[in-house]
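In what follows, a structure is listed as structure tokens, so that the remarks can point back to it.
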Amino acid sequence: MVDDNELRKLRNAAVPAPDESAKARAFEAALRAYDQENISAVTQGSVGGLRLTERAQKLWSEIMQKKLIATPALAGLVALPIAGYATFHLLREQPSPFGGDEKITETLADKPATQKPTVAEPKQAPTALEKDKKADLDVESRDASDALAPAAPPNSESDAAGGAAQPGAPVSPTVSSRFDLKTYSGKEVEYGTLPTSRPAPAPSGEVSRESAGLMPNAPNAARANRVQGAEPKLMAPQQPAAIPADQIAPQEENRDRVQDFKTNPVHAALQDPVSTFSIDVDTASYSFVRGSLKQGYLPQADAVRVEEMINYFPYDWKGPESASTPFNSTVSVMPTPWNAHTKLMHVAIKGFDIKPTEQPKANLVFLIDVSGSMDEPDKLPLLKSAFRLLVSKLKADDTISIVTYAGDAGTVLMPTKVAEKDKILNAVDNLQPGGSTAGEAGIKEAYKLAQQSFIKDGVNRVMLATDGDFNVGQTDDDDLKRLIESERKTGVFLSVFGFGRGNLNDEMMQTIAQNGNGTAAYIDTLAEAEKVLVEDASSTLFTIAKDVKIQVEFNPDKVSEYRLIGYETRALNREDFNNDRVDAGDIGSGHSVTAIYEITPKGGGGEQIDPLRYGQATVNNGGVVNADEYAFVKIRYKLPNEDVSKLITTPVTSANEVASFDQASTDQRFSVAVAAFGQKLRDEDATAKFGYDKIMEIATAARGADPFGYRSEFLSLVRLASALGGNR
């Protein structure tokens, strides 16, 4: 047995360990040495805040099991000591399924009612066993709401005896424990962060299933409930246990994966006059950035995709007159607020908004990740609520199927009409997490179901919801890309919705969404779920144009230099623009897409690239065609059911220009403020001297109509970033 000083040494050795695994091993050693008789010191957080390995979790469960066995129903065992003795004898003969051994610790309730507990000598320190008994009684008398606060131990065993239930006295209705760990998830968890409640001891003459160790809060409990035909109950979570003031809580390991990319460079229009890229209507980056700022830290630079931040907001760009032309483009030129020597060329695209009565039928397959890592409040529970919102938005003759994957893929719901809403919602509500992540098998099964209920001239889409990697089957992003590309040709598209943090594979989400003719969104709150799946449902589900590409040719006689703000991960080769085999982004019903170039007018004095000494183009030999144009914008697109692209062109002249930034429209100015914010978060050179206060000034003046509060929330994010970044 280890005394308090030795345990303290173990704890101190664990705290400064170089990594979490070393801490866990030290804590495991402390648990193994300390075991049952010294458990009261452990329960008061002496080694709290450490990350547990699966072995440490098992040891902890064994220790807690002994405590549950050693604390039977007081009234029952006092009234019937013989029955209590027989019950414990049976428990020793047949160990509990949770791994507790046969050793039973005698408690006050095990003794006859006439026997009084031994009182410690005045000058004798209480033994470890007496401390243990006192801690048990203290926990049992503690109300659930106060269970998480560290309690001072009783001064003597007589104090503990005074708090014990006497024969015939009522027992506490609820006993709360902050030590029940999720041993079933296979994940490492923080000590003291997963509180549960267990019922009070059984009535007189009975031994509760909890006291016998038969119904812990784990999959064993769920199995026991199923045997009895009972439904498991959901319990409200309590607050996590407080970590001692002298310890720093270790941060969760961040396994989020984002794609690395470099900011677009400045190009000389004379040498490289053409810019080509695919449009991007994803919004995942904005939600990810918002979550980081609200958690108190600036996002990593590669998590900030400026175009996704700009396109997160709805804008009132001018749309097309009829569905025969799927979208309209508007180009404007305005002064740059962060550089007096440059201008901004603002390209705004608005998709045709399909009326609800004209929306095609939808055939949707929910592909849901139910692996063990989804067992977090902001993952599977939020996912269920989000998809309930979507179901309520669909029409009665739309079709829904549900496929889950965790270790293996399985069909939870065969194609079902939304008219049977209760059947669909019950299938969603009954989803439970557990297992590894067999994403490849899930995708194949989802596409198979989509083909079974394929709707010609309708919407056929797989909607993947996940928190992270596909760690079973094909796990390479390129393999997944090829799989999605082959299925895309059948007319079934795919969209991806990310949930939760710490394991999010944003890079994978982007890859398969881009190649599945779908969108990628990150849902971190129910409000975001409502935005993506209810307010923006039409643009999320109903594609009006696919493989949309933009190519801009700059006139070197008017523009010396240019750079595209954002779209780094959507860059295309110049020759890709006319190649209909090259995939590009899609536009949904009513979608707004914005692209912004920063251009340097020729002779404006803001050039960053020295002119060539030899070979400059001659423009004074009779002039050149269209010499007064800034640029020529070309957009290629395909209709959803066609494979040959169409072309839209727009020349950009001085007629598209406004004299001052303030003369630009409210939406244009707000989108520029968002662009500046994204560049600021990426710490780009262009906005190095442009402070958050200037961004706030522009965004506040251009907030305009904000019915859903998106723009007001943006202002709060700018304030947070300013505080976290030192108002640089």
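The values are calculated or read from the model by the stated rules, or taken from the named source; none is laboratory data. The model shown is predicted, which means the values in this text are computed figures rather than measured ones. Don't worry about glycine lacking a Cβ; one is built from the backbone with ideal geometry, like all the others, and counts go over all protein chains shown. What goes into the accessible areas is simple: the full protein's heavy atoms, side chains included, and nothing from ligands, DNA or RNA. Shrake-Rupley method; radii C 1.70, N 1.55, O 1.52, S 1.80 Å.
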Would you mind checking the stretch 681-707 for residues with the amide N under 11 Å from a putative spin-label position 7 Å along Cα→C-beta of VAL658? 702
A correct Karplus calculation of ³J(HN,Hα) over the stretch 385-395, with 6.51 cos²θ - 1.76 cosθ + 1.60, θ = phi - 60°, whole Hz and x for Gly and Pro, returns 5, 5, 6, 5, 4, 5, 4, 5, 8, 7, 8
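Pulled fully out, how much extra length does the chain show between SER392 and ASP643, if you take 0.36 nm times their separation in residues and subtract their Cα-Cα distance? Please report the intermediate quantities before stating the final value.
Details: separation 251, 0.36 × 251 = 90.36 nm, distance 3.35 nm.
Going from the current span to full extension adds 87.0 nm.
Classify the stretch 278-376: rounded, prolate or oblate, from the alpha-carbon gyration tensor (a ≥ b ≥ c, eigenvalue square roots; a/c under 1.5 rounded; otherwise prolate if a/b is larger than b/c)? Provide the component values of the computation, followed by the final result.
Working: a/c = 3.22, a/b = 1.08, b/c = 2.98.
It is oblate, given that a/c is not under 1.5 and a/b is not larger than b/c.
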Modelled FRET efficiency - R0 45 Å, GLN608 with ALA527, Cβ distances, 0.05 increments: 0.60
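Considering only protein heavy atoms and a 1.4 Å probe, what is the carbon-and-sulfur percentage of the accessible area of the stretch 519-605? If you can, show how the numbers build up before the last one.
Details: 1040 of 2610 Å².
Of the solvent-accessible surface of the stretch 519-605, carbon and sulfur hold 40 percent.
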Output wanted: per-residue J couplings in Hz (rounded whole) for the stretch 481-497, from phi through Karplus 6.51 cos²θ - 1.76 cosθ + 1.60, θ = phi - 60°, x for Gly and Pro. 4, 5, 4, 5, 4, 5, 6, 4, 5, 7, x, 9, 9, 9, 10, 10, 10
In 5 Å bins starting at zero, report the fraction of Cα pairs in the stretch 567-700 per bin as a rounded %. 2, 6, 11, 15, 17, 17, 15, 11, 5, 1, 0
Roughly what would the spin-label model give for ASP580 and ASP479, points 7 Å off Cα along C-beta, in nm? 3.4
Would you mind checking which residues have amide H under 5 Å from ASP467's amide H? H placed 1.01 Å from N; only 5 or more apart, or other chain. PHE499
Long-range amide H partners of GLY566, meaning residues 5 or more apart or on another chain whose placed amide H is closer than 5 Å, are ASN264
How much net charge surrounds VAL281 when only the other residues with a Cβ under 15 Å from the Cβ of VAL281 are counted, with Lys and Arg +1 and Asp and Glu -1? -3
For peptides 560-572, 336-348, sequence by mean Cβ density within 10 Å, most packed first: 560-572, 336-348
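Among 511-523, 674-686, how do they line up from the highest to the lowest mean number of other beta-carbon atoms within 10 Å?
Numbers: 511-523: 24.8, 674-686: 21.9.
So the peptides 511-523, 674-686, ranked by packing, come out 511-523, 674-686.
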For GLU485, what accessible surface area do you get with a 1.4 Å probe? Give it in Å², rounded to 10. 50
Exactly which trypsin sites (Lys or Arg not before Pro) in the stretch 383-417 are in a DSSP loop and have at most 16 other Cβ atoms within 10 Å? LYS395
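Say the cut-off is 20 Å between C-alpha atoms; which of LYS549/LYS680; LYS262/LYS379; LYS318/LYS694; LYS558/LYS634; LYS350/LYS638; LYS393/LYS531 go over it?
Details: LYS549/LYS680 27 Å; LYS262/LYS379 31 Å; LYS318/LYS694 28 Å; LYS558/LYS634 18 Å; LYS350/LYS638 15 Å; LYS393/LYS531 12 Å.
Checking Cα-Cα distances, LYS549/LYS680; LYS262/LYS379; LYS318/LYS694 exceed 20 Å.
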Can you work out ³J(HN,Hα) from phi for every residue in the stretch 295-303, in order, using Karplus 6.51 cos²θ - 1.76 cosθ + 1.60 and θ = phi - 60°, giving whole Hz and x for Gly and Pro? 8, x, 8, 6, x, 5, 4, 6, 7
Please work out how much accessible surface THR653 shows to a 1.4 Å probe, ignoring ligands, DNA and RNA, in Å² rounded to 10. 30
